[in-house]
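Trainee: My questions will all concern the structure given below.
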Amino acid sequence: MPPLSSLPMKPIFNDTIAAIATPPGEGGIGMVRISGPSALSIADALFHCVSGKKPSLLPTHTLHYGSLRDPASGEQIDDALLLIFRAPRSYTGEEVAEFSCHGGSVTTGRALTLALRAGARLAEPGEFTLRAFLNGRMDLAQAEAVCDQIRAKTETAHRIALRQRAGILSKRLGEMRQRLIGLLAAAEATIDFSEEIGELDYGMMSEGLRQIREEVESLIRSASYGRIYREGIRLVIVGRPNVGKSSLLNALLRQDRAIVTPIAGTTRDLIEESANIRGIPLTAIDTAGLRETEDLVERIGVERAREAIESASLILYVLDASENATEEDARIAAMLADRPHIRVYNKIDLLDDLQRERLRSSQTDGEPASVAVSVSNGWGLETLEETIERSVLGGRVSDGESAIISNTRHQRALEQARDSLREAEETTRRQMPPDFITIDIRAALDALGLVTGETATEEIIDRIFQDFCIGK
Ligand SMILES: Nc1nc2c(ncn2[C@@H]2O[C@H](COP(=O)(O)OP(=O)(O)OP(=O)(O)O)[C@@H](O)[C@H]2O)c(=O)[nH]1
Ligand SMILES: [Mg+2]
């Protein structure tokens, strides 16, 4: 497989693809998208503009009203709108026709069938965006951000995806690659023309490499933040029976998801639900109260709770503030000792003022963080959400402008680049011949190119687009 940078920049596909671009089910409108060299001739066969004009003769970026008909029988399928984009100024870089029909799976399904019969082939998942990438309309990081934007669960995740799609990360990486290419050229010149330009300036080389390596490292650091928003976290609620775990789950979800009763041992299975706490997408998991029990069902539930603790990104350890700690609490505390967790003292409404004051003064700023709440009254829940945010992000916040890494693939590529840059720095420090330095610089350039796709192989690219939805 040749590197993609050697692929031609003009449209490279001779087949035409089609798919329903709107989600399945009922909806106001449904859209069928067709892209490729025959997109407009297919529109000619199926669509009759009220103006009487042929779609293939219409100008780009225009919208037309008309009827969608089966060319075989003449039957009208829908009255619809046709959007025309001409190559190369379209999403894919190819000729594109989009039918905006009435919603519902039958209408869009029939429109798609007509397009296929007229010569299009059903698009693979992500194939429109794949073509956009291969036709040079966007780079790989931007293409991945398309998928991230569609999948974003919170506004912050959406903002990160939007910035990546706009090319902020690509631009930053592009600048770094340009500077590395400058260093590579300097090293190569001393190999080829050492008599004219003399020895390599090792000091300059070392300083240049250090600066770029530090920038790569700062991007890698942003990954711990960016990935939380892209992938979300698992928040597991544990504690003894009856302390208010399910009540807390319901409060965080703002819905009555789990059964709450005064009977200890109410929850017996894991209850998982998606939530959004201060922009952080998360799966909140309520568990069976931890205790020794003879009840078979409850015992399985307790076992599952222990497994959930293993998979948690953060644990809320709920205690009943009106009761003294028990042996079970000591066991739970020991189990959580090396796991990230927050102690949540619940039911503080049952305490008198003096007891509440005592609880408050016993809480320190140290680890683990602890928060006093009354789920029944809503006291302290906002502080708890703030504490969750702080624990998850560890004080890392985005300034809203800089490039952020939110994807494991990008993180790995940058780590590879950092390692090669370190090796280049070491080779420079030891004043080895410039050939050795150029090998490491080239490796770093290749690693950075994986993110934006210049050096990505067909296999990597296929894997990325397989995860997309159909019609995108
Ligand atoms: N006074 C008071 N009662 C509460 C509070 N939060 C929950 N409760 C009550 O405590 C009881 C147990 O609540 P649950 O949420 O079912 O407790 P749990 O920890 O999920 O219990 P199990 O599922 O049995 O482990 C219920 O009667 C709740 O109404 C609170 O803040 N104050
Ligand atoms: Mg419960």
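Trainee: Is at least one residue of the range 271-281 among the polar types (S, T, N, Q) and either closer than 24 Å to S391 by Cα or not assigned by TED's automatic domain parsing to the domain that holds N250 (or both)?
Mentor: As a first pass, look at the range 271-281 and keep what is among the polar types (S, T, N, Q): 274, 276.
Subset that is either closer than 24 Å to S391 by Cα or not assigned by TED's automatic domain parsing to the domain that holds N250 (or both): 274, 276.
Yes, the range 271-281 contains a residue that is among the polar types (S, T, N, Q) and either closer than 24 Å to S391 by Cα or not assigned by TED's automatic domain parsing to the domain that holds N250 (or both).
Trainee: Still on this structure, please answer the following. May I ask you to say which residue of D440, D435 is free of Cβ contacts under 8 Å to residues at least 24 places away in the same chain and either out of contact with any strand residue (DSSP E or B) (no Cβ under 9 Å at 6 or more places or on another chain) or open to solvent by 10 Å² or more (accessible area, probe 1.4 Å) (or both)?
Mentor: Values: D435 fails: free of Cβ contacts under 8 Å to residues at least 24 places away in the same chain.
None of the other options fit; the residue is D440.
Trainee: Something else: If only one of L219, L253 is within 30 Å of V318 (Cα to Cα), in contact (Cβ under 8 Å) with a residue 24 or more places away in the chain and crowded, with 17+ Cβ neighbours inside 10 Å, which one is it? Let's see the steps before the verdict.
Mentor: Numbers: L219 fails: within 30 Å of V318 (Cα to Cα).
The conditions single out L253.
Trainee: For the range 379-472, list the helices (runs of 4 or more DSSP H) that sit wholly inside it and hold at least 3 residues that are outside the structural domain of Y345 (by TED's automatic domain parsing); which are they?
Mentor: Working: elements: 381-393, 408-429, 434-452, 458-466.
Because the criterion is at least 3 residues that are outside the structural domain of Y345 (by TED's automatic domain parsing), the helices (runs of 4 or more DSSP H) in the range 379-472 that meet it are 434-452, 458-466.
Trainee: List the residue pairs whose Cβ atoms are under 8 Å apart, where the first residue sits in the range 351-378 and is touching a residue at least 24 places away in the same chain (Cβ under 8 Å) and within 13 Å of ligand 1 (Cβ to nearest atom), the second is open to solvent by 40 Å² or more (accessible area, probe 1.4 Å) and among the acidic types (D, E), and the two are 6 or more positions apart or on different chains.
Mentor: Here the result reads S374/D349; S376/D349; N377/D349, each pair linking the range 351-378 to a residue that is open to solvent by 40 Å² or more (accessible area, probe 1.4 Å) and among the acidic types (D, E).
Trainee: Here's something else I'd like to know. Identify, please: which residue in the range 348-382 is farther than 21 Å from L253 by Cα and among the hydroxyl-bearing types (S, T, Y) and is, among those, modelled with the lowest pLDDT?
Mentor: T364
Trainee: When you look at I439, is it aliphatic (A, V, I, L, M) and out of contact with any Asp or Glu (no Cβ under 7 Å at 6 or more places or on another chain), yes or no? Explain how you work it out, then say what you get.
Mentor: Values: aliphatic (A, V, I, L, M): yes; out of contact with any Asp or Glu (no Cβ under 7 Å at 6 or more places or on another chain): yes.
Here the answer is yes, as I439 does meet what is asked.
Trainee: Open to solvent by 70 Å² or more (accessible area, probe 1.4 Å), at pLDDT below 95 and in the same structural domain as G30 (by TED's automatic domain parsing) - does that describe any residue in the range 73-82?
Mentor: Going residue by residue through the range 73-82, those that are open to solvent by 70 Å² or more (accessible area, probe 1.4 Å) are 73, 75-76.
Next, from what is left, pick out any that are at pLDDT below 95: none.
Checking the range 73-82: not a single residue is open to solvent by 70 Å² or more (accessible area, probe 1.4 Å), at pLDDT below 95 and in the same structural domain as G30 (by TED's automatic domain parsing).
Trainee: Considering R306, R339, R299, which residue is more than 15 Å from V236 (Cβ to Cβ), surrounded by fewer than 20 Cβ atoms within 10 Å (Cβ to Cβ) and among the basic types (K, R)? Let's see the steps before the verdict.
Mentor: Values: R306 fails: more than 15 Å from V236 (Cβ to Cβ); R339 fails: more than 15 Å from V236 (Cβ to Cβ).
The conditions single out R299.
Trainee: Could you tell me whether any residue of the range 125-136 is of a type in the set (A, V, I, L, M), open to solvent by 10 Å² or more (accessible area, probe 1.4 Å), within 25 Å of P23 (Cβ to Cβ) and touching a residue at least 60 places away in the same chain (Cβ under 8 Å)? Full working, then the answer.
Mentor: Taking the range 125-136 as the starting set, the residues that turn out to be of a type in the set (A, V, I, L, M) are 130, 132, 134.
Keeping just the survivors that are open to solvent by 10 Å² or more (accessible area, probe 1.4 Å) gives 130, 134.
Now narrow it down to the ones that are within 25 Å of P23 (Cβ to Cβ): 130.
Applying the additional criterion that residues be touching a residue at least 60 places away in the same chain (Cβ under 8 Å) yields 130.
For the range 125-136, residues of a type in the set (A, V, I, L, M), open to solvent by 10 Å² or more (accessible area, probe 1.4 Å), within 25 Å of P23 (Cβ to Cβ) and touching a residue at least 60 places away in the same chain (Cβ under 8 Å): present.
Trainee: Taking only the range 79-126 into account, find how many residues are touching a Pro at 6+ places or on another chain (Cβ under 7 Å) and among the charged types (D, E, K, R).
Mentor: Adding up the residues that qualify gives 2.
Trainee: Here's something else I'd like to know. Quick one: which of E415, E385, E328, E389 is in contact (Cβ under 8 Å) with a residue 12 or more places away in the chain and either farther than 30 Å from I228 by Cα or hydroxyl-bearing (S, T, Y) (or both)?
Mentor: On the way: E415 fails: either farther than 30 Å from I228 by Cα or hydroxyl-bearing (S, T, Y) (or both); E385 fails: either farther than 30 Å from I228 by Cα or hydroxyl-bearing (S, T, Y) (or both); E389 fails: either farther than 30 Å from I228 by Cα or hydroxyl-bearing (S, T, Y) (or both).
Every option except E328 fails the conditions.
Trainee: Filter the range 309-336 for residues that are within 19 Å of T283 (Cα to Cα), open to solvent by 20 Å² or more (accessible area, probe 1.4 Å) and outside any helix (DSSP H, G or I) and give the result.
Mentor: S313
Trainee: Out of the range 462-472, which residues are among the β-branched types (V, I, T) and either surrounded by fewer than 19 Cβ atoms within 10 Å (Cβ to Cβ) or modelled with pLDDT of 95 or more (or both)? Outline the logic, then answer.
Mentor: Taking the range 462-472 as the starting set, the residues that turn out to be among the β-branched types (V, I, T) are 464, 470.
I470, the sole residue that qualifies.
Trainee: Looking only at the range 370-385, how many residues end up being farther than 18 Å from V243 by Cα and surrounded by 14 or more Cβ atoms within 10 Å (Cβ to Cβ)? Break it down into steps so the answer makes sense when it comes.
Mentor: Initial filter on the range 370-385 (farther than 18 Å from V243 by Cα): 382-383, 385.
Cutting the leftovers down to surrounded by 14 or more Cβ atoms within 10 Å (Cβ to Cβ) gives us 385.
Summing the residues that are farther than 18 Å from V243 by Cα and surrounded by 14 or more Cβ atoms within 10 Å (Cβ to Cβ) in the range 370-385 gives 1.
Trainee: Filtering the range 83-93 down to residues that are open to solvent by less than 30 Å² (accessible area, probe 1.4 Å) and over 16 Å from S41 (Cα atoms), which residue is nearest to the chain's Cα centre (by Cα)? Outline the logic, then answer.
Mentor: So in the range 83-93, the residues open to solvent by less than 30 Å² (accessible area, probe 1.4 Å) come out as 84, 90, 92-93.
Add one more test, that the residue is over 16 Å from S41 (Cα atoms), and what stays is 90, 92-93.
On the way: S90: 25, T92: 22, G93: 25 Å.
Among those that are open to solvent by less than 30 Å² (accessible area, probe 1.4 Å) and over 16 Å from S41 (Cα atoms), it is T92.
Trainee: In the range 25-59, how many are closer than 17 Å to L114 by Cα, open to solvent by 40 Å² or more (accessible area, probe 1.4 Å) and hydroxyl-bearing (S, T, Y)?
Mentor: The number of residues fulfilling the criteria is 2.
Trainee: Give me the strands (runs of 3 or more DSSP E) completely within the range 47-124, filtered to those with at least 3 residues that are over 25 Å from N135 (Cα atoms) and not hydroxyl-bearing (S, T, Y), ordered by residue number.
Mentor: On the way: elements: 47-49, 62-69, 76-85, 96-102.
Of the strands (runs of 3 or more DSSP E) lying wholly inside the range 47-124, those with at least 3 residues that are over 25 Å from N135 (Cα atoms) and not hydroxyl-bearing (S, T, Y) span 47-49, 62-69, 76-85.
Trainee: Now, a different point. Does E294 count as within 15 Å of ligand 1 (Cβ to nearest atom) and open to solvent by 80 Å² or more (accessible area, probe 1.4 Å)?
Mentor: On the way: within 15 Å of ligand 1 (Cβ to nearest atom): no; open to solvent by 80 Å² or more (accessible area, probe 1.4 Å): yes.
Considered against the rule, which asks whether it is within 15 Å of ligand 1 (Cβ to nearest atom) and open to solvent by 80 Å² or more (accessible area, probe 1.4 Å), E294 comes out as no.
Trainee: Also: Got a number for residues in the range 274-291 being within 14 Å of ligand 1 (Cβ to nearest atom) and either under 22 Å from D256 (Cα atoms) or hydrophobic (A, V, I, L, M, F, W, C) (or both)?
Mentor: Our first condition is that a residue be within 14 Å of ligand 1 (Cβ to nearest atom); within the range 274-291, this holds for 284-291.
So of that shortlist, the ones also either under 22 Å from D256 (Cα atoms) or hydrophobic (A, V, I, L, M, F, W, C) (or both) come out as 284-290.
Final tally of qualifying residues: 7.
Trainee: Counting just the residues of the range 222-247 that are open to solvent by 60 Å² or more (accessible area, probe 1.4 Å) and more than 16 Å from ligand 1 (Cβ to nearest atom), which one comes out modelled with the highest pLDDT?
Mentor: Of the range 222-247, the ones open to solvent by 60 Å² or more (accessible area, probe 1.4 Å) are 227, 230-231, 234, 242.
Subset that is more than 16 Å from ligand 1 (Cβ to nearest atom): 227, 230-231, 234.
Details: R227: 88, R230: 88, E231: 88, R234: 96.
Only one residue tops the list, namely R234.
The values are calculated or read from the model by the stated rules, or taken from the named source; none is laboratory data. Note that the structure is predicted; figures quoted are calculated from it, not measured. Positions of Cβ are generated from backbone atoms using ideal geometry, with glycine treated the same way; all protein chains shown enter the neighbour counts. Heads up: the accessible areas ignore ligands, DNA and RNA and are worked out on the full protein's heavy atoms, side chains in. Shrake-Rupley method; radii C 1.70, N 1.55, O 1.52, S 1.80 Å.
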